[in-house]
Amino acid sequence: MASAVLLLFTIIGVAQEVKDSLNYETSISLGGNRRTGLNVQNNFTGSFLLKLNKSSWGFQNISNYAYVAANGIELANDAKTISFITKSFSDRKRFVPTLIHVFENSLLYQINSRQSVKLGGTITPLKNREQFWFFVGLGYDRAIYEEEVFQNSAKTSQNRSFSIAAIYLQNKHQLIQNKLSLNYTVFFVQSLEESSDLTLWVVPSLEIKLLPSFTFGINYDARFRNVHLETLPSFNDILTLSLKMSLKR
């Protein structure tokens, strides 16, 4: 099990351009810590969000980076980016065809490079709760691992490719109106070729509004990955404390 606690500061900018009906939202988060003395540690995290919407098209990119070193040993040097492209054919937007692309490299998960493409639909089942949606689709996943000793798997090389099924879910609850909210995201990816090869990623967060422009957040990131790699722990998690500042016009 690997765990960490980090403090982040987030700045968010939101803007809307009326002339060409382009809406966009962007945010960036930076954080980390440095320790010297008996235990030398250097931690850095960063994340970036970009949303674009124009007419019936939508684009969203979520990128994350983490670097952790302790006593001269590099423990994490991980980058991950997820991109969503949507195309709606109705004003109701209850079902929207969606293409998802994922790129990842991770020292923590021993991945030299991983790319995944999924095609499916984003479903918003409740008319008055647009913040609750889920994605269901099929795709293809190709990963190159640092190690090549796999257990209970017909695929034993560093290069592992699978047809996959994927479910993503996102929701938000206002526990105290405009004061306290609970957000959570769930990702589940299942190999269609090896039934025991799967990934479950759960990210709940609690946000407390301090002032109109400032929010304090507690975020928990837990991932269970069963990919048969002998040296890779199945469970890893990270706890993040964040202070977010929002700017709007």
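Of all the residues that make up segment 152-176, how many are of a type in the set (K, R) and closer than 21 Å to S195 by Cβ?
Within segment 152-176, the subset of a type in the set (K, R) is 155, 160, 172.
Checking the rest, the ones that are also closer than 21 Å to S195 by Cβ come to 155, 160.
Of the residues in segment 152-176, 2 are of a type in the set (K, R) and closer than 21 Å to S195 by Cβ.
Scanning segment 166-205 for residues that are within 12 Å of N226 (Cβ to Cβ) and loosely packed, with under 15 Cβ neighbours inside 10 Å returns S195, S196.
Residues that are of a type in the set (D, E) and over 28 Å from I218 (Cα atoms) within segment 124-182 comprise D141, E146, E147, E148, listed in sequence order. Would you point out the residue of segment 28-77, among those that are loosely packed, with under 12 Cβ neighbours inside 10 Å and outside any strand (DSSP E or B), that is nearest to the chain's Cα centre (by Cα)? For segment 28-77, the residue satisfying everything is S55.
With respect to (1) in contact with an Asp or Glu (Cβ under 7 Å, 6 or more places away or on another chain); (2) surrounded by 14 or more Cβ atoms within 10 Å (Cβ to Cβ), the lone exception for Q151 is condition (2). Please tell me if I144 is surrounded by 13 or more Cβ atoms within 10 Å (Cβ to Cβ) and either within 23 Å of R225 (Cβ to Cβ) or touching a residue at least 60 places away in the same chain (Cβ under 8 Å) (or both). For I144, the condition - surrounded by 13 or more Cβ atoms within 10 Å (Cβ to Cβ) and either within 23 Å of R225 (Cβ to Cβ) or touching a residue at least 60 places away in the same chain (Cβ under 8 Å) (or both) - is met.
Listed by first and then second residue, the pairs linking a residue in segment 108-128 that is within 14 Å of D91 (Cα to Cα) to a residue that is acidic (D, E), with Cβ atoms under 9 Å apart and 6 or more places separating them unless they lie on different chains, are T124/E130. Taking segment 81-93 as the range and being surrounded by fewer than 15 Cβ atoms within 10 Å (Cβ to Cβ) and among the basic types (K, R) as the test, the residues that pass are K87, R92.
Of all residues in segment 87-98, how many are farther than 15 Å from I167 by Cα and touching a Leu at 6+ places or on another chain (Cβ under 8 Å)?
The qualifying residues number 0.
No value in this document is a laboratory result; all are computed from the given coordinates. These numbers were taken from a predicted model, which means no experiment stands behind them. Reconstructed Cβ throughout: ideal geometry from the backbone, glycine too, with neighbour counts over all protein chains shown.
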